[in-house]
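Below is one structure; the comments refer to it alone.
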Amino acid sequence: MNAKEFEEIGHTGGQVTFHIVTGADGRRGYQVGFHHQRPVAASLFAVYALPQGIVVAPLPMGGIGSPWPPPPVPGCFPVFIASDSEGMFGHKCPECANYWRARFSSSICPYCGFHGNVQDFLTDAQRRYVRQYCEVLENALTSEQDGDHVIDMDAVADAGGKDAEKPPFYYSEERQQHHFKCSACDQATDILGRYGYCSVCGTRNDLAEFEKDITRLRDRINADGASYESCCKDAVAAFDSFAAQYAKQLTRLVPMTPARVNRIETMRFHNVEVVHQGFRGTFDIDILAGFSAADASFAKLMFHRRNVYEHNGGEADAKYIADSGDTTVREKQMLRETRESAHRIAGLVQRMATNLHRGFHEIFPPIAGPIERHARHLEMIAQSRRP
């Protein structure tokens, strides 16, 4: 069964227990525990919050027996925040106010690229939960009775998707439109739309999505009865859309004069020469890096042909011949492609996309830590498989 966009994802459930004790000196103390036994995915992260329910800092949790770092403000409560039933957490950006889910606590907004700490990205529902959590703990500490005080999140999980009065602490998450794993750090993010930053390391997913499109395109090229002209047109069109995404991010993030912003925003991405000069001259990004003269010339030709296939029914006209310099055809002649030319332009636009992606991240480097952890994990797997 296919997952539905924007459907409610219930809480994972579990129980938070505050064990309250009174010491020999009369001081009240507590221990916090979390218990979970439902047959669904579950993850946790923690924050420090003031007794009033105001989150002030993340609380990194180490392994069993590892001490917690002290709170930044004396008197803070440690607050456990559990995932939804798919093991993911909802997040809301304080800069652009957009919502997403991630399997790991986020440090980057996938939409606008804003960098922050986990407490910056809490949703409104999570903040309400933190306030209620702190209120229960504060009341338990000020009561005269020792023992256990329980926050039952199983009741919250059971109430998900039901048209009935919701229990205290109720909140849920919402599935978005595109769930992807980062090609650099392997962490999962669920976003509105298709393209965005990895919310953990900040690597954009455009290249990974583009490579999927090229793989599907190559399958079309290899299929019996393929229209090679249509495949060539779609290869160039895919790069057109890809380049426009990066241009949008660069004009938003790089300080530029209004005139330069206008030049980039009005750039014709179906003309490879214009795109090449625009990215190289403005951002020092060379989309044709590593290309031979023959490959660069072929790419330019195919970009001109895309316009003929899209707007002129595949017939060469005087403008095409003059702009492209193609002397192998006459006016009114139908342009023809082969399986080889279709595969060649598919490979070239993929190389151009890789150059643009690499150049973008030279300007805006991803966070190295998650990427290095994933690389070490892959190396450990490789070592375990060696004889």
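Absence of a disulfide-compatible partner, taken as no other cysteine beta carbon within less than 4.7 angstrom, is noted in the chain for C76, C134, C231, C232. Against the chain, whose longest principal axis is taken from its Cα atoms, helix 293-311 shows a tilt of about 90°. Could you point to the label whose value was computed as mean projected area of the Cα convex hull in nm² for the structure here, given (i) 17.9; (ii) 22.8; (iii) 27.6? Comparing each candidate, only (iii) matches the computed number.
For the chain, what's the relative contact order in percent, using C-alpha pairs closer than 8 Å and at least 6 residues apart?
Details: 652 pairs, mean separation 60.6, N = 387.
Relative contact order comes out at 16 percent.
Anisotropy class assigned to the stretch 81-156 is prolate, per the alpha carbon gyration tensor with a/c at or over the 1.5 cut-off and a/b larger than b/c.
Given the options A346, A289, A259, which has the most mean-square fluctuation in a GNM of the chain, springs set between C-alpha atoms less than 10 angstrom apart? Largest GNM mean-square fluctuation: A259.
Multiply the residue gap between R268 and T215 by 0.36 nm, knock off their C-alpha separation, and tell me the result in nm, one decimal place.
On the way: separation 53, 0.36 × 53 = 19.08 nm, distance 2.52 nm.
This chain segment gains 16.6 nm when fully extended.
Between G313, G196, G87, the Gaussian network model of the chain with springs among Cα atoms under 10 angstrom shows the greatest mean-square fluctuation at G313. Which residue fluctuates most in the GNM of the chain (Cα springs below 10 Å): F77, F291, F104? Most flexible of the set in this elastic network: F291.
Just so you know, the Cα atoms of the stretch 206-369 work out to an Rg and Dmax of 16.5, 57 Å.
Specify whether the C-alpha gyration tensor of the stretch 311-371 places it in the rounded, prolate or oblate class, a ≥ b ≥ c being the square roots of the eigenvalues: rounded for a/c under 1.5, otherwise prolate if a/b is larger than b/c and oblate if not.
Working: a/c = 4.41, a/b = 2.79, b/c = 1.58.
Cα axes put the stretch 311-371 in the prolate bin.
Taking a ≥ b ≥ c as the square roots of the eigenvalues of the Cα gyration tensor, the stretch 158-263 is classed as oblate, since a/c reaches at least 1.5 and a/b does not exceed b/c. Segment I54..Y30, full-extension length gain: 6.7 nm, with 0.36 nm per residue of separation and the alpha-carbon distance subtracted.
Between 0 and 90 degrees, the angle of helix 368-385 with respect to the longest Cα principal axis of the chain falls at about 90 degrees. For the stretch 306-387, what relative contact order do you get, as a whole percent, if you take Cα pairs closer than 8 Å and at least 6 residues apart? It comes to 16 percent, rounded to a whole number.
For the stretch 86-203, what does the relative contact order come out to in percent, with C-alpha contacts under 8 Å and a separation of six or more? Provide the component values of the computation, followed by the final result.
On the way: 173 pairs, mean separation 37.7, N = 118.
Normalised by residue count, the contact order of the stretch 86-203 is 32 percent.
In a DSSP loop and with at most 14 other Cβ atoms within 10 Å, the trypsin sites (Lys or Arg not before Pro) in the stretch 235-274 are R268.
Quickly rank 36-44, 327-335 as a protection proxy: mean count of other C-beta atoms within 10 Å, highest first. Mind showing how you got there, number by number?
Values: 36-44: 14.1, 327-335: 11.6.
Sorting 36-44, 327-335 by mean packing, highest first, produces 36-44, 327-335.
The chymotrypsin sites (Phe, Trp or Tyr not before Pro) of the stretch 1-77 that meet both conditions, a loop assignment by DSSP and at most 12 other Cβ atoms within 10 Å of the site Cβ, are F6.
Read-outs: derived from the displayed coordinates by stated rules, not from any lab. Everything quoted here is computed from the prediction, not taken from an experiment. With ideal geometry, Cβ positions are generated from the backbone for all residues, glycine too; neighbour counts draw on all protein chains shown.
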